[in-house]
């Protein structure tokens, strides 16, 4: 079962930081991440409270985990793909 959290990613090219979904293996090692930073959007029927809850969870995730280097996660993803 793959799990994920929101994590702050430090870009390899020095352009800064962003929030991404990061995916983990069974041993909780980061193995991949979303290609683009997270965009927070909810359907009209869900309302603003759903968006606020998403933002709160993302903040908790980001505060709990250390900043990850993009190159480290991308290298893990490449290894994971080559192992298949």
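No lab work stands behind these numbers, since they all come straight from the coordinates. Keep in mind that this is a model prediction, so the values were computed, not measured. Backbone-built Cβ (ideal geometry, glycine too); neighbour counts: all protein chains shown.
For the reader, a short list of remarks on this structure follows.
- Checking residue 73 against (1) free of Cβ contacts under 8 Å to residues at least 60 places away in the same chain; (2) in contact with a strand residue (DSSP E or B) (Cβ under 7 Å, 6 or more places away or on another chain), the condition it does not meet: (1)
- Which listed residue is in contact (Cβ under 8 Å) with a residue 24 or more places away in the chain and in contact with a helix residue (DSSP H, G or I) (Cβ under 9 Å, 6 or more places away or on another chain), from 42, 31: 31
- Evaluation of residue 61 against (1) touching a strand residue (DSSP E or B) at 6+ places or on another chain (Cβ under 9 Å); (2) assigned to a helix (DSSP H, G or I); (3) surrounded by fewer than 14 Cβ atoms within 10 Å (Cβ to Cβ); (4) touching a residue at least 12 places away in the same chain (Cβ under 8 Å) (one fails), failing number: (3)
- In the range 1-23, the residues that are without any contact (Cβ under 8 Å) to a residue 60 or more places away in the chain and assigned to a strand (DSSP E or B): 3, 4, 6, 17, 18, 19, 20, 21, 22, 23
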